[in-house]
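Below is one structure, written out as structure tokens; comments come after it.
The values are calculated or read from the model by the stated rules, or taken from the named source; none is laboratory data. Owing to the predicted nature of the structure, the values given are computational and were not obtained by experimental measurement. Every residue, glycine as well, gets a Cβ built from its backbone with ideal geometry; the counts of neighbours run over all protein chains shown. Each accessible area value is taken on the protein alone, full model and side chains, heavy atoms only, with ligands, DNA and RNA left out. Shrake-Rupley method; radii C 1.70, N 1.55, O 1.52, S 1.80 Å.
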Amino acid sequence: MSLIDTIKNSLGGSVGGIVASALPGILEAALPGGVQGLLNKLQQSGYGQQVNSWLGRGPNQPITTEDLRRVLGTEQAQAIAQRLGIPPDDFLALLAKLLPEA
């Protein structure tokens, strides 16, 4: 299941579809490399073990909203959340939930 499919399933309904379809473009505009850029940034920031667990087989390690806030920075998280039309804390919580699942 792709990250976008996971987002759609987690959010449900038309709002979930809108957010899911907008997320890749928004991440691409906000982060060089989009989703892959985010994964690279996480690995470079000391979260390689978590990223590798998501990409490999076996149990997926969690990541917290605060971990993501440290990696993305408050301003970048706010910018992405604003483009999605949701509060920054909701965006970070959603991302923290979805990354390990995807």
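Out of all the residues in the range 48-58, which are open to solvent by 30 Å² or more (accessible area, probe 1.4 Å) and either among the hydroxyl-bearing types (S, T, Y) or not in a helix (DSSP H, G or I) (or both)?
Hits for the range 48-58 are G56, R57, G58.
Among the residues of the range 53-102, write down those that are under 18 Å from Q43 (Cα atoms) and modelled with pLDDT under 85.
K97, L98, L99, E101, A102
Limited to the range 59-79, what total is found for residues that are open to solvent by 50 Å² or more (accessible area, probe 1.4 Å) and either touching a Cys at 6+ places or on another chain (Cβ under 8 Å) or assigned to a loop (DSSP other than H, G, I, E, B) (or both)?
Selection size over the range 59-79: 5.
So which residues in the range 80-102 are buried (at least 16 other Cβ atoms within 10 Å of the Cβ), out of contact with any Pro (no Cβ under 6 Å at 6 or more places or on another chain) and assigned to a helix (DSSP H, G or I)?
Matches in the range 80-102: I80, R83, L84, P88, F91, L92, L94, L95, A96, K97, L98, L99.
Looking at P32 and the list (1) in contact with a Lys or Arg (Cβ under 7 Å, 6 or more places away or on another chain); (2) not in a helix (DSSP H, G or I), which single condition is not satisfied?
Every condition holds for P32 apart from (1).
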